[in-house]
Amino acid sequence: MEWGGQGDQTRTLADRKRGRSNEYLTIMAMDGVNLGRKTLTTRMSIKKFIDWSIVGNKDIRDSEEHGDEFIAQRSLSVEHARGLAKYVLGGLVRSVIADMSGRPVPEDVLRIKNDLAAGPYSALQPLVCNLRHVTEEDLHIDDKDLPPDVLRLSLGSTQKLWVVDGQHRRHGFDRVIAYLDQILKNGKYPGGKSVLYAPASTGRDGRLSADELQFWESVKSVALNECSVSVEIHIGLNEPEEQQLFSDLNSRSKPLHNSLVQNYDQSDAIAAVSRDKEIIRFHIADESDAKHWNSTGLPLKDIIMINRLLVHGSNMKEATPQSQVDAKIDFIKRFWDVVQRIDGFTEEAQREKTIAGQPVVLKALAKLAYDHAYGVPKLIDPDGLKKLYEAILAKKLTFKHSDKLWQALFMNDDERARSFDRNDNGESINDYVHVTAQTKPGEFDTLNGWVRFSTAHNDIYPRLGDLIRWRLGLKNRGAADKSREKERRERQETTAAAA
């Protein structure tokens with residue numbers, strides 16, 4: 001087999017001009033050995049990698065040219081590839097802005113940076129590929145006048161780099177280039193939820209400003225002309241060998257524990273604000289320490305979750321851009337300022353002194369605050385938020401273990417009705433709160449006099465919020481009636497199935 005389309009033939013300049021530019025690929029590579037097998041390591045532009053690589057997943061069966069090739073790759077996860085594309089786009093944005101040092105950065109460009117380019121640094125790990133159906137003897141190289149272990153290799157147009165590890169990065173690269181082509185061609189941001197980036201507010205009809213247009217042209221130029229990726233090339237792996245390599249590369253790495261990610265990752269603005277000592281003025285505990293009831297402080301993962309509820313009203317999995325945190329930073333600061341004034345909260349072993357020392361209670365308060373400030377229209381109530389904070393600061397709403405309100409989730413409807421009078425609006429506590437038989441809210445520790453909520457936080461914190469809504473006469477979100485109706489239907493279905 002001849003490589004480079006040349007063999008022993010002599011070609012003229014005219015032949016070269018008539019030939020296609022993608023007739024062959026010449027790469028400079030490092031010659032090495034990986035656990036006894038010859039490998040080549042090289043770098044190439046993102047665009048060249050896309051053009052010369054191919055993915056051997058099940059979609060290859062639809063290819064006229066490669067339909068008979070073996071499959072050694074999982075199916076593409078579009079959502080995972082989209083996340084990597086956003087990461088790549090953010091890295092390109094950061095790179096172009098860094099090159100603007102000494103020049104003022106336009107406001108529109110700063111907005112893009114705050115939306116996309118979180119974290120101080122970004123990079124991509126090497127990709128791994130296989131040159132199928134060849135041996136070392138088939139590859140023609142040139143190492144004349146080159147340093148030791150460096151060689152020049154030409155690949156023919158029919159020879160592709162089969163991706164073993166990196167298909168989602170490859171698809172992400174493709175999406176970034178397609179996105180840049182689209183916005184520069186149309187002069188405006190695209191719509192839809194699946195787009196890589198569209199600012200919350202844009203010019204007329206989403207059109208790019210002159211500064212944005214120039215900036216995105218620079219980003220595309222960097223992507224196509226300056227950025228390169230490292231590629232490790234294995235030679236001639238057969239079907240079981242390539243499948244084994246894919247399996248090993250994707251199954252033998254140890255994922256980082258969430259706590260370590262949250263401590264080290266600088267790309268999530270919520271994680272960053274959760275470590276801000278000017279806002280979080282209490283001890284941030286290790287997760288191992290926080291398991292003990294008499295420990296001090298809260299673990300970072302819980303502070304982050306509380307701040308996610310403040311910013312999003314839910315636990316968003318994706319990293320939050322700086323712009324979204326900046327838009328609510330005063331709201332976040334106000335919340336933590338109020339919370340840290342709760343009696344006993346900033347003291348040692350605070351869970352023994354106040355139920356607010358349990359993260360689930362702070363999640364309830366955070367969701368309450370978000371609903372009143374940014375939630376669904378029927379629950380937004382700035383006056384209600386003010387009333388909540390005033391009640392906490394004035395100690396009308398206490399978080400003492402001795403306050404019987406916090407035992408209400410441990411009771412059934414009849415017990416709650418007997419234990420609590422109506423609130424100032426004349427409403428029964430059961431108008432706001434219902435706990436299903438399947439819910440395990442916790443217990444009252446009679447020996448120590450402590451209210452101890454369970455770890456089923458997602459079931460508990462909305463109901464704790466409902467207790468507070470009832471106590472202060474805030475808007476009723478109607479969850480109790482829906483919960484009773486759902487429980488009634490489930491009983492009917494169970495009875496019908498048993499009949």
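Observations, loosely collected:
- Positive minus negative residues near residue 390 (Lys, Arg vs Asp, Glu; Cβ under 14 Å): +4
- P(r) tail for the range 383-431: Cα pairs beyond 14 Å make up 61% of the total.
- Charge-dipole axis of the chain as Lys and Arg at +1 and Asp and Glu at -1 on Cβ define it, positive-most pick from 135, 303, 168: 303
- The DSSP beta bridges internal to the chain are antiparallel in roughly 75% of cases.
- Value of Rg/Rh across the range 258-487 [Cα atoms, Kirkwood radius]: 0.95
- A simple count of charges around residue 287, restricted to other residues whose Cβ falls under 10 Å of its Cβ and scoring Lys, Arg +1 and Asp, Glu -1, yields -1.
- Fraction of the pair-distance distribution of the chain above 41 Å, Cα-Cα pairs, percent: 42 percent
- The range 16-251 has equivalent-ellipsoid semi-axes of 36, 21, 17 Å, by the square roots of 5 times the alpha carbon gyration tensor eigenvalues, sorted largest first.
- Packing-based exposure ordering (other Cβ within 10 Å, fewest first) of 227, 129: 227, 129
- Between the range 326-372 and the range 252-305, the alpha-carbon center distance in angstrom: 16 Å
- Lysines with Cα under 27 Å of residue 404, excluding same-chain neighbours fewer than 8 positions away: 291, 353, 363, 367, 386, 387, 395, 396, 440, 475, 482
- Proxy reagent accessibility, fewest Cβ within 10 Å first, across 108, 248, 330: 330, 248, 108
- For the range 16-251, the dipole from Cβ point charges (+1 on Lys and Arg, -1 on Asp and Glu) about the Cα centre works out to 980 debye, to the nearest 20.
- For the range 219-248 versus the range 389-409, the gap between their alpha-carbon centres in whole angstrom: 59 Å
- Summed side-chain charge close to residue 98 - residues other than residue 98 whose Cβ falls under 14 Å, Lys, Arg +1, Asp, Glu -1: +1
- Net charge dipole size for the chain [Lys, Arg +1 and Asp, Glu -1 on Cβ; Debye, nearest 20]: 1700 debye
- Filtered trypsin sites (Lys or Arg not before Pro), the range 141-228: DSSP coil and at most 13 other beta carbons within 10 Å: 144, 193
- Packing-based exposure ordering (other Cβ within 10 Å, fewest first) of 30, 411: 30, 411
Bear in mind that the values in this text are calculations on the coordinates, not laboratory data. Since the structure is predicted, the reported quantities are computational estimates derived from the model, not experimental observations. As a convention, Cβ positions derive from the backbone with ideal geometry for all residues, glycine included, and neighbour counts pool all protein chains shown.
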